[in-house]
Amino acid sequence: EDPSSSSSTQNSVAPELPGFYYDPEKNRYFRLLPGHNNHNPLTKDSIQHKAMECQRLRLLEEEEKQNQKTTRAGLNSSVLLQKRQLGLLSSTSYCRLVHELKVNCMQRRKIEIHSPDSSVAGTNNFKIIVADVACERIFTVNDVEHGGCKYGIINLSGLGKESLTVEMYDNLYFTNRKVNSVCWASLTHPDSHLCLMGIAETPGCASLLPASLFSSTNPGDRPGMLCSFKISTAWSCAWCLNPQADNCFSTGLTRRVLVTNVVTGHRQTFGTSSDVLAQQFATQTPVLYNGCRSGEIFSIDVRQRNRKGQSWKAIRLFHGSAVTSIHLMEAEHYLMAADMAGKIKLWDLRTAKCVKQYNGHHNEYALLPLHVNEEEGLLIAVGQDCYTRIWSLQDAHLLRTIPSPHPSSKDAIPSVVFSSRLGGSRGVPGLLMAVKQDLYHFSYN
């Protein structure tokens, strides 16, 4: 049973009466008290939270007992191997189904975090973790008590051992500034820099920092930031890897898109009718895809000059709610998008039609990312209910629902990274989950 359906299951037991709550265990109605009552109020929110917590604890107990069901009926490793040997499965299908079996058997273990600065490790809640392309390093954004953020880089080289080594330093440039969006940038070499969007106050700030700033090597010879400029509230950012728009990154702002060349300083501005909450550049062409609060998804060819109006919009797709995340598939014929109604859709860009929908995701108002791993054939998303869900990319089958190790709350939504090579080409497969002050590794069994 999907945890998000607990409230609907409760309502199907007995009719809902205004001002009353039905307790299925005691088989009777109880009066709901006002939410502002300080003497143990019984409200719908507290009832729902209690039911969700009971569900989470039950699922955690099942996971500890390794009581995992198979992802598909009759699917196990011996059957897969037999079909592969008989030529009934291609190598691609065999690898995809093996990954499905493996993610269903992943076991959680807590990772011990070390840091050169003992005051940094384990004192601040993880807000964002973003892996580089090779999954060798993870950039982290941690909330701090006084309202700002600290940044650091986790080196995954020790993941196969007993502990991780975390190198995290105080933010040198943006004291008390929140970060809303982060992406890796390849300027001097792959994943050499980081684009950060700060939104703590208006105007916000967009910055490009060298990744070496967060390294323990040569601490006295650290390069400064490459560029930083004030902007209106920023929601998203993306780096372009296409050589026709070299050294450019985009910033999704309130009702406009800003594309900046970090070497020449040249900027292009495209006005939009809505806030741009999600962005990604194509690699085969210098085209930028944008997801908006209005539910619209459109593309921009950044080679064209600024035009009045919005005639520069190329592909246009429409969701029924604000688009929170987009992911362009490797062949660049398909686009995955998620919205604030919890809908995850796969769009065919050639026909502008939705070809698949992935059900079970939960979102109401948060900016939650999608994690698409085409090589493994998996889609991963963390819902606002703090459950991490894994789907099969091929047929949208929900493979696994992972409960959070911490009680669910709006400030405890996990941030995850998945790869079959965590730590580089010889790394270990699995899922990394950062929640509160803890880091967990869900390793393949």
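Overview of values
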quantity	calculated
Segment 110-443, accessible surface, carbon-and-sulfur percent (1.4 angstrom probe)	48 percent
Residues of segment 110-443: accessible area per residue with a 1.4 Å probe, Å²	40 Å²
Interchain or long-range residues, amide H under 5 Å from LEU399's placed H	ILE390, TRP391, SER392
Heavy atoms of LYS102 accessible to a 1.4 Å probe, total area in Å² rounded to 10	70 Å²
Dipole magnitude of segment 110-443 about its Cα centre (Cβ charges: Lys, Arg +1; Asp, Glu -1), debye to nearest 20	1100 debye
³J(HN,Hα) computed for each position of segment 96-102 - Karplus, 6.51 cos²θ - 1.76 cosθ + 1.60, integer Hz, glycine/proline x	5, 5, 5, 4, 4, 5, 5
Computed over segment 110-443: relative contact order in percent, which uses C-alpha pairs under 8 Å that are six or more apart	12 percent
Calculated from backbone phi, Karplus (6.51, -1.76, 1.60) coupling profile of segment 244-257 in Hz, x at Gly/Pro	6, 10, 5, 6, 10, 9, 10, 10, x, 10, 6, 6, 6, 10
Whole-Hz ³J(HN,Hα) from phi, Karplus 6.51 cos²θ - 1.76 cosθ + 1.60, for segment 348-363, glycine and proline x	8, 6, 6, 10, 6, 10, 7, 9, 8, 9, 10, 9, x, 5, 10, 7
With all protein chains modelled, accessible area of THR285 [1.4 Å, Å²]	60 Å²
Pairs of lysine residues in segment 110-443 - Cα separation under 22 Å, sequence separation of 8 or more or cross-chain	24
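The values are calculated or read from the model by the stated rules, or taken from the named source; none is laboratory data. Only a predicted model underlies this, so the values are computations on that prediction, with no experimental measurement involved. Here the Cβ is made from the backbone with ideal geometry for all residues, glycine too, and neighbour counts use every protein chain on show. Surface areas here come from the heavy atoms of the whole protein model, side chains and all, with no ligands, DNA or RNA. Shrake-Rupley method; radii C 1.70, N 1.55, O 1.52, S 1.80 Å.
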